[in-house]
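Notes for the one structure printed next.
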Amino acid sequence: MTTIRPYSHADHAVLRDLVLELHEALRPYDADLATGEAIIDRYLDRLLSRVDETGGAVYLAEDEGRVVGYVCVRGSVAPDEPDERQDPYSFMAELFVRPELRRSGIGSLLVERAEAFAREAGAYKMELNVLARNASALRFYEGHGYAPSCGGDEQTNVKCA
């Protein structure tokens, strides 16, 4: 049975491994990404700092005692542009499930927890970015009600909370 639980500092090593695995999985979609081992510690520190700075959260998926996925949510993000609605929103910075457990519902559980967190934080919407060439991720998010808001190499997907 899969459970979703909050990240704690004791989970740092396993989260590092999962973030590294996600980074390496994305490299075929983005030739500009550096190798994971070259950047992982700085990248993870920055990821966790941004989560903390926005009052966000990291949740881990645990299946049979093993951490198999995670989601990082920035809690209260201020709009970048003056012509955007000026209410804060939440941003799903990363979502990852180990490949052998994909299509088992774990990703959906993580998305549901991230969305519940956003609602609890008072966000009016959740945003996320997807590499436009990552067709399986695009289908996954569209299946959860996210709609593309722009094109290009990186696509922003939005869902109202």
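Any read-out appearing in this document is the output of simple, stated calculations on the displayed coordinates, not a laboratory observation. None of these values were measured; they are calculated from a predicted model. Counting neighbours? That spans all protein chains shown, and the Cβs are built from the backbone with ideal geometry, glycine included.
Would you kindly derive the ³J(HN,Hα) couplings of segment 32-45 from the backbone phi angles with the Karplus curve 6.51 cos²θ - 1.76 cosθ + 1.60 (θ = phi - 60°), listing them in order in whole Hz, with x for Gly and Pro?
7, 6, 6, 4, x, 4, 6, 10, 4, 5, 5, 4, 5, 4
Using packing as a proxy for protection, rank 45-56, 85-96 so that the peptide with the highest average count of other Cβ atoms within 10 Å comes first.
Ranking, from highest mean packing down: 85-96, 45-56.
Rounded to whole Hz and in sequence order, give me ³J(HN,Hα) for segment 133-138 from the Karplus expression 6.51 cos²θ - 1.76 cosθ + 1.60, θ = phi - 60°, writing x for Gly and Pro.
7, 8, 4, 5, 5, 4
Hey, got the Cα dimensions of segment 2-160 along the principal axes, in Å, largest first?
Here the Cα extents, ordered largest to smallest, are 43, 35, 31 Å.
Find how much the distance from Asn129 to Thr2 grows on full extension, using 0.36 nm per residue of separation minus their present alpha carbon separation; answer in nm with one decimal. Don't skip to the answer; put the middle values down first.
Numbers: separation 127, 0.36 × 127 = 45.72 nm, distance 2.57 nm.
That works out to 43.2 nm of additional length.
Search the structure for amide H atoms under 5 Å from the amide H of Glu94, placed 1.01 Å from N in the peptide plane, and list their residues when 5 or more places away or on another chain.
Sorted by chain and number, the residues that satisfy this are Cys72.
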